[in-house]
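The values are calculated or read from the model by the stated rules, or taken from the named source; none is laboratory data. These numbers come from a predicted model, not from an experiment. Positions of Cβ are generated from backbone atoms using ideal geometry, with glycine treated the same way; all protein chains shown enter the neighbour counts.
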Amino acid sequence: MLVRSLILAMWFVLLSSSAMDAAQKPDDREALSGLTTAKVIFDVRVADIDKLVFNLALLNETLEGMIAEGVKPEMIVAFRGAGVKLLSSTVLDEAAVDLFRVLKKKGVRFEVCAVAMRVYKADPTGLIPEVAMVANVFNSLIGYQNKGYAMIVIN
């Protein structure tokens, strides 16, 4: 719980911080040059709440970095594995739910695998509303990659 609080505090500081001079600040111009949009699907298999919160904050930082370089991100976050149990309003604290809300408001789509929900006996009625249940996240990974989305695994 302490780690999560520290991560969230760091996340809010990063959002409001402009301490680094523009000449000293690292950028991602090389990697993102020539792009106007970037499509990515994150294959998330995190089963630890602190790691989940850390990675959500990192996804936000990634999204903001793309926007800063003039690239419109199209992000999908697909949850599968035992970590689907973390997506419940009874498990997540309000700060973690706020991260989901902020990212969703910025256009990030969250999906959770119905197969994983069944296998890991997670109650779908407890899912936070920011997450959409899909039949099978493998189909999401297949479909979106075939539509040009880069895949990044987070476990």
List the number of the failed condition for residue 72; all other conditions in (1) surrounded by fewer than 18 Cβ atoms within 10 Å (Cβ to Cβ); (2) in contact with a Gly (Cβ under 7 Å, 6 or more places away or on another chain) hold. (2)
Need pairs with beta-carbon distance below 6 Å; first residue more than 10 Å from residue 127 (Cβ to Cβ) and within segment 84-97, second at pLDDT below 90; sequence gap 6+ or separate chains. 95/8
Could you please let me know if residue 144 is among the aromatic types (Phe, Trp, Tyr), surrounded by 14 or more Cβ atoms within 10 Å (Cβ to Cβ) and over 15 Å from the mean Cα position of the chain (by Cα)? yes
Return yes or no: is residue 140 more than 12 Å from residue 52 (Cβ to Cβ) and touching a residue at least 60 places away in the same chain (Cβ under 8 Å)? yes
Failed item in (1) at pLDDT 95 or above; (2) within 19 Å of the chain's Cα centre (by Cα), with residue 8 passing the rest: (1)
Kindly provide the set of residues from segment 76-90 that are over 16 Å from residue 41 (Cβ atoms) and not in a helix (DSSP H, G or I), ordered by number. 88, 89, 90
Filter segment 60-75 down to the residues that are assigned to a helix (DSSP H, G or I) and in contact (Cβ under 8 Å) with a residue 24 or more places away in the chain, then identify the one that is farthest from residue 123 (Cα to Cα). 68
For segment 75-129, give me each residue that is in contact with a helix residue (DSSP H, G or I) (Cβ under 9 Å, 6 or more places away or on another chain), farther than 29 Å from residue 147 by Cα and of a type in the set (Asp, Glu). 93, 98, 123
I'm checking my understanding of the structure. Among residues of segment 32-59 that are touching a residue at least 60 places away in the same chain (Cβ under 8 Å) and in a loop (DSSP other than H, G, I, E, B), which one is nearest to residue 97 (Cα to Cα)? 46
Restrict the check to segment 89-104 and report whether at least one residue is touching a strand residue (DSSP E or B) at 6+ places or on another chain (Cβ under 6 Å), at pLDDT 95 or above and either under 20 Å from residue 152 (Cα atoms) or of a type in the set (Gly, Ala, Ser) (or both). no
Please find, among 29, 101, 118, the residue that is loosely packed, with under 15 Cβ neighbours inside 10 Å and without any contact (Cβ under 8 Å) to a residue 12 or more places away in the chain. 118
